[in-house]
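To start, I am sharing the structure in question, which I have written as structure tokens.
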Amino acid sequence: MKSQIACTSKGPVEYTLQGAGPVVLVCHGTSSNCFSTELAGPLVEAGFSVLTPSRPGYGRTPSEVGRSNLQAAEALVALLGSLEIRACSAVAISGGGPTGVALAAAYPERVQRLALIEANTHTEGRQNEPAYRSQKAFYGPLHGVMWGLLGLTGSLAPRRMARQTLAIFSTHDPDDAMNRLTAEDVAAIRRFYQGRSSRQGALNDLTHSVEVELLQKVCVPVLVIHSREDASIPFDHAEWSLQHIPNAEFCEGGFTGHFYWIGPDYQGICRRLVAFLAGDIH
């Protein structure tokens, strides 16, 4: 799969587009880009088109296109205009949460529905979370070297890498979790570390803020998908979203925590997500 560059009114935006049907725009998470396609298969199979831009600072989309989450949302609307897409649903994952919330809050005429998956939405207290401090250190000056070593470890010792990943991103017992994963799950974790990770994009994300007023402005239907065992974005982010977004419902994630797209619970999550997104199809 190849990406394309759209020359928008806000600047160049890299993106991939798969499938045919109603458009779902994916705001990918940190350590990812427009090739973040774990949701593409189930959504395309269900009859959707999946539009995944590289958010500002990721892939070939410059940071200058939108440094704040509100500016990033403006850039996504410019991308929709460039592609002549009048309206879409949106899915915001992990560090893409603030951009997804800003998009739905500021442009309800362009966003029909919003799904927040393991999303960062309680930014006021984020700096005090142990995971936040670890993430900030991870995206330090040697991030590129560290990411390369993770990719190498994943290739040489995939099960060891999978266990280490679960120990970091889930509060569930990693040995029990490993016993419940398939060989394809382990391979999927390995492939994650073969992808691209952007220090610039991640540091940009760490400055994004979601005020209570912004959540309260989201008037479209919202599905909050979050695991109680997420060690990266704690469950209180989901509770915060459900408390302050007027029209939000909840879908519980599984034991793999932040890596929602790994493990036996993923199929059920996809079915719930597809049913939610299909609610706006007439």
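The values are calculated or read from the model by the stated rules, or taken from the named source; none is laboratory data. Source: prediction; values computed, not measured. The protein model used for the area step is the full one, side chains on, heavy atoms only, and it has no ligands, DNA or RNA in it. Shrake-Rupley method; radii C 1.70, N 1.55, O 1.52, S 1.80 Å.
Roughly how many Å² is the accessible area per residue of the chain, as a whole number, for a 1.4 Å probe?
43
Which residue, ARG55, ARG271, ARG67, has the most motion in a Gaussian network model of the chain that connects Cα atoms within less than 10 Å?
Residue with maximal mean-square fluctuation among ARG55, ARG271, ARG67: ARG271.
Mean separation of Cα pairs under 8 Å and 6+ residues apart, divided by the residue count of the chain: what relative contact order is that in percent?
Numbers: 585 pairs, mean separation 55.6, N = 282.
Relative CO of the chain lands at 20 percent.
Right, here's the next one. Per residue of the chain, what 222 nm ellipticity follows from adding -39500 (n - 2.57) for every DSSP H run with n ≥ 4, rounded to the nearest 500? Before the final figure, lay out each step's value.
Details: 12 runs with 116 residues, N = 282.
Computed ellipticity for the chain at 222 nm equals -12000 deg cm²/dmol.
Work out Dmax and Rg for the stretch 183-282 from the C-alpha atoms and quote the Rg first, both in angstrom.
15.6, 44
Kirkwood-based Rg over Rh for the stretch 1-63 (C-alpha set), two decimals?
Computed over Cα atoms, the ratio is 0.97.
How high is the relative contact order of the stretch 28-139, in percent, counting Cα pairs under 8 Å that sit 6 or more residues apart? Working shown, then result.
Working: 140 pairs, mean separation 23.5, N = 112.
After rounding, I find 21 percent.
Right, something else. In the chain, carbon and sulfur make up what percent of the accessible area (probe 1.4 Å)?
52
Under a 5 Å amide H to amide H cut-off, with H placed in plane at 1.01 Å, what residues pair with CYS88 once short-range neighbours are removed?
Residues meeting the criterion, in which the H sits 1.01 Å from N, are VAL111, GLN112.
Tell me, what is a quarter of the convex hull surface for the C-alpha atoms of the stretch 119-172, in nm² with one decimal?
4.7
Viscosity 1.002 mPa s, temperature 20 °C: give me the Stokes-Einstein translational D for the stretch 141-225 in µm²/s, with Rh taken as the Kirkwood radius over C-alpha pairs.
138
Let me ask you something else. Taking θ as phi - 60°, what are the ³J(HN,Hα) couplings along the stretch 208-218 by the Karplus curve (6.51, -1.76, 1.60), each to the nearest whole Hz, with x for Gly and Pro?
3J(HN,Hα) across the stretch 208-218, in whole Hz: 6, 10, 10, 7, 4, 4, 5, 4, 5, 7, 6.
Pairs of alpha-carbon atoms within less than 8 angstrom and 6+ residues apart define the contacts here; what relative contact order does the stretch 1-55 have, in percent?
With pairs under 8 Å counted, the relative contact order is 43 percent.
Now a separate question. Rounded to two decimals, what is Rg over Rh for the chain when you use alpha-carbon atoms and the Kirkwood radius?
On the Cα set of the chain, Rg over Rh gives 0.93.
Using modelled backbone amide H atoms (1.01 Å from N, in-plane), which distant-in-sequence or interchain residues come within less than 5 Å of LEU223's amide H?
Amide H neighbours of LEU223, under 5 Å, 5+ apart: LEU114, ALA115, LEU116, GLU249.
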